[in-house]
Amino acid sequence: MATVSRWSLGGMTALVTGGSKGIGEAVVEELSMMGARVHTCARDETQLQERLREWQAKGFQVTTSICDVSSREQRETLMETVSSLFQGKLNILVNNAGTYISKPTTEYTAEEYSFIMATNLESSFHLSQLAHPLLKASGSGSIVHMSSVAGVVHVNVGSIYGATKGAMNQLARNLACEWASDNIRTNAVCPWLIKTPLANDLLNDEEIKKEVESRTPMGRVGETNEVSSLVAFLCLPAASYITGQVICVDGGFTVNGFSYQPHA
C-alpha cells in the first residue's frame with residue numbers, strides 16, 4: 001500500500017493558475033487523474049465553464065474561479081477562496097499563468113514591462129507568499145513555477161519575458177532553501193516550444209516551425225502532456241527529496257550546440 005501511495009496524489013489539494021487552456025489545462029487534468037482535488041483560475045469565464053463541464057464529465061474534483069493574476073487584489077481573493085475550499089491547507093501550488101509580448105528591447109513601453117513582470121514574476125512571488133501558511137499547514141507542500149527555456153538560454157521572444165523566467169528559476173532555488181524546514185519543496189519547469197494556444201502564432205509560421213524542429217535534437221515540438229507529467233511527478237511523495245531544481249522539458253534544445261551533417 002505504501003508503494004502505491006508514493007505514486008498517487010490521492011487526498012491532496014492543488015491550486016493551478018491559468019488552467020483553462022494549454023499547459024495549465026494539461027496540469028489540471030494530470031493532477032486530477034492522480035487523485036488530487038484541484039482549484040484553477042483564469043481570466044475568461046466562458047472558457048473556464050467549458051473546461052469545468054469537461055472535467056466534471058470525467059469525474060475530476062475540480063473547482064474554478066475568475067482571476068487575473070496580474071492583479072494583487074485578485075490574487076489575494078483567489079487565495080482566500082482556496083483557503084476556504086481546502087480548510088486552510090494546500091499541498092500543491094502550480095504558478096502556471098504567464099504571458100509574453102515579443103518585440104525588440106528598445107521598443108518596450110513602461111506599461112508593457114509592468115504587465116509582463118506582474119503576470120509572470122510578481123504573481124509567482126506573491127502567490128507563493130500567500131500560499132506559504134496553507135502549504136506549511138498541510139505538512140507536505142510543493143510549489144512548481146512554470147518557467148521557460150527562455151530563462152536558461154536566449155530565445156527570441158522578448159528580453160522581459162526571459163528576465164521574468166530567469167528570476168522565477170532563482171525564486172525556486174531561494175524558496176527551496178528558505179522553506180525546506182517547513183516541508184515545502186519548490187522547483188521550476190522550463191518548457192521549450194509546446195503546442196499551446198499561446199504558441200499558435202509561431203507554429204503557424206512554417207519557417208519558424210522548421211527552424212524549431214531543426215534546432216531540437218528530437219526534431220519536433222512538444223505536447224502539453226509531456227510538460228504536465230513532469231509537474232505531477234514533482235508533486236508526488238515519490239519526489240520527496242527533489243527541491244530547488246530547474247528542469248527543462250525541451251527535446252534536448254538547451255543542450256544542443258553546433259550540429260552539422262558530415263558529407264558521405
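The values are calculated or read from the model by the stated rules, or taken from the named source; none is laboratory data. Quantities reported herein were computed from a predicted structural model and do not represent experimental measurements. Every residue, glycine as well, gets a Cβ built from its backbone with ideal geometry; the counts of neighbours run over all protein chains shown. Side chains are part of the model used for accessible areas, which takes the heavy atoms of the whole protein and leaves out ligands, DNA and RNA. Shrake-Rupley method; radii C 1.70, N 1.55, O 1.52, S 1.80 Å.
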When the Karplus curve 6.51 cos²θ - 1.76 cosθ + 1.60 is applied with θ = phi - 60°, which whole-Hz ³J(HN,Hα) does each residue of region 66-72 get, with x for Gly and Pro? 7, 7, 9, 5, 6, 9, 4
Need one value: the accessible area of Trp192 in square angstrom, 1.4 angstrom probe, rounded to the nearest 10. 40
Determine ³J(HN,Hα), in whole Hz, for all residues of region 51-56 in sequence, where each value follows from phi through the Karplus function 6.51 cos²θ - 1.76 cosθ + 1.60 and θ = phi - 60°; x replaces Gly and Pro. 4, 4, 4, 5, 5, 5
Over the chain, with the other protein chains present, what is the accessible area per residue in square angstrom, probe 1.4 angstrom? 49
Distance (nanometres) between label positions extended 7 Å along Cα→Cβ at Asn174 and Thr77: 2.8
Amide H neighbours of Ala188 at under 5 Å, excluding residues fewer than 5 places away on the same chain, with H built from the backbone geometry, are His145, Gln245, Val246, Ile247
For a quick protection proxy, order the peptides 202-208, 75-81 by their average other-Cβ count within 10 Å, most packed first. 75-81, 202-208
Under-20-angstrom lysine pairs by C-alpha in the chain, whenever the two are 8 or more apart or on separate chains: 9
Report, to the nearest whole %, how much of the accessible area of region 54-112 belongs to carbon and sulfur atoms, 1.4 Å probe, protein only. 47
Grab the other residues whose beta carbon is less than 15 angstrom from that of Ala163, score K and R as +1, D and E as -1, and report the net. 0
In degrees from 0 to 90, rounded to the nearest 10, what is the angle of the helix 206-215 Cα long axis to the longest principal axis of the chain? 80
Per-residue [θ]222 nm for the chain (sum of -39500 (n - 2.57) over DSSP H runs n ≥ 4, rounded to 500): -13000 deg cm²/dmol
